1. Suppose we keep only residues that are over 10 Å from the mean Cα position of the chain (by Cα) and in a loop (DSSP other than H, G, I, E, B) within the range 112-129. Which one would you say is surrounded by the most Cβ atoms within 10 Å (Cβ to Cβ)?
2. Within the range 130-151, track down each residue that is in contact with a strand residue (DSSP E or B) (Cβ under 6 Å, 6 or more places away or on another chain) and either part of a strand (DSSP E or B) or over 14 Å from SER79 (Cβ atoms) (or both).
3. Take ASP123 and decide whether it is in contact (Cβ under 8 Å) with a residue 40 or more places away in the chain, in contact with a His (Cβ under 9 Å, 6 or more places away or on another chain) and either more than 25 Å from ARG294 (Cβ to Cβ) or of a type in the set (Gly, Ala, Ser) (or both).
4. SER79 fails exactly one of the following numbered conditions: (1) touching a helix residue (DSSP H, G or I) at 6+ places or on another chain (Cβ under 8 Å); (2) farther than 30 Å from ASP286 by Cα; (3) at pLDDT 90 or above. What is the number of that condition?
5. What are the pairs with Cβ atoms under 9 angstrom where one residue, in the range 190-204, is within 17 Å of ARG177 (Cα to Cα) and the other, located anywhere, is at pLDDT 85 or above and not in a helix (DSSP H, G or I)? Sequence gap at least six, or different chains.
6. Could we say that THR86 is β-branched (Val, Ile, Thr) and within 16 Å of the chain's Cα centre (by Cα) here?
7. If I go through the range 94-109 residue by residue, how many of them are in a loop (DSSP other than H, G, I, E, B) and buried (at least 18 other Cβ atoms within 10 Å of the Cβ)?
8. Could you list all residues from the range 1-39 that are among the hydrophobic types (A, V, I, L, M, F, W, C) and part of a loop (DSSP other than H, G, I, E, B)?
Amino acid sequence: MDHQLSTSTISRHVHQVAERLEGELGDEQSSFIKGCPDQWYQLPEPPAPLVVSLDGGYVHARSSENRKDGSFEVIVGKSTTGDGATTCFGLVSGYDTKPRRRLFQVFQAQGLQMNQAITFLTDGGDTVRDLTEGHSPQATHILDWFHITMRLTVLSQIAKGMPVEYKGKQFEEELKRVKWFLWHSNVYKALQVLEWLELDIDAQVSPEARKLARTLHEFEQYIHTNQSSIPNYGDRYRNEEAISSAVAESSVNQVISKRFVKKQQMRWTRRGAHLLLQVRTRVLDDTLTATFQRWYPGMEASKPQQEPALAAS
């Protein structure tokens with residue numbers, strides 16, 4: 001290009017590209033599972049399982065009515081094949097009308113078969129947990145171990161501020177038992193200990209104790225809600241199977257933090273953020289050029305392309 005483009009022109013072009021990409025998405029469905037078990041057994045030997053990490057981040061909101069609208073949630077994920085190939089995706093929670101279709105399109109591009117396993121790793125939130133359903137009969141949802149340990153760490157830090165020293169020490173020791181039970185998938189015993197701790201802390205009346213009791217109750221409900229997604233992390237770790245969505249954590253930083261949050265502190269409409277995510281993820285995956293070549297068959301493919309990380313910034 002031999003002349004400078006205004007930011008509004010660039011923004012308009014990005015939106016046009018994203019809207020065209022959106023127009024190519026098929027219809028949303030509650031489930032994309034096709035066929036029956038007898039048909040699945042006749043399929044060729046499936047590739048290694050897909051490992052899908054999902055996590056959320058928050059973007060500063062903006063609307064014409066109020067410049068201080070708080071934040072809204074952006075869901076970012078990365079799907080990794082057995083040979084290490086990754087595809088990232090993103091959407092604005094509550095705005096996107098085709099979240100499952102968007103994710104299933106990623107699986108289709110990666111060659112998903114109905115007899116192929118998918119392992120979903122999430123933070124256990126309702127939004128991301130719902131997104132994992134209806135893609136494959138071989139899908140497994142696992143609560144990310146990192147988010148469990150993060151919450152236990154917060155509880156431990158609050159307990160250190162308890163005015164009664166021995167109570168804080170006892171509480172920390174019991175938290176270690178809870179962590180051990182959860183690591184070995186003994187959710188029943190973990191919930192028992194958490195219930196006992198909650199009753200014990202409720203008997204105290206200090207502001208610190210009330211804060212600890214409230215945080216403890218939230219953690220107990222978190223484990224109770226996600227108990228069916230808590231495997232034996234120890235076994236999985238020894239078998240070199242995924243137990244953490246650290247990949248999704250890095251994806252959140254890679255996809256949204258620089259452009260949306262940390263560096264520029266911009267405020268976004270839900271539409272604007274969602275459309276930018278569709279272009280940004282394709283730039284990071286280095287697939288946007290192929291899309292343009294499909295749209296415009298005469299486009300030259302031999303010219304060196306800009307580095308994806310630079311282009312996405």
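The values are calculated or read from the model by the stated rules, or taken from the named source; none is laboratory data. Computed from a predicted model, the values in this text were never measured in an experiment. A quick note on method: Cβ atoms are made from the backbone with ideal geometry, for glycine too, and the neighbour counts reach across all protein chains shown.
1. GLN116
2. Across the range 130-151, the qualifying residues are ALA139, THR140, HIS141, ILE142, ASP144.
3. yes
4. It fails just one condition, (2).
5. ALA190/ILE230
6. Spelling it out, THR86 is indeed β-branched (Val, Ile, Thr) and within 16 Å of the chain's Cα centre (by Cα).
7. At the first step, the residues of the range 94-109 found to be in a loop (DSSP other than H, G, I, E, B) are 94-98.
Narrowing further to those that are buried (at least 18 other Cβ atoms within 10 Å of the Cβ): 96.
Qualifying residue count, the range 94-109: 1.
8. Answer for the range 1-39, where residues must be among the hydrophobic types (A, V, I, L, M, F, W, C) and part of a loop (DSSP other than H, G, I, E, B): MET1, LEU5, LEU25, PHE32, ILE33, CYS36.
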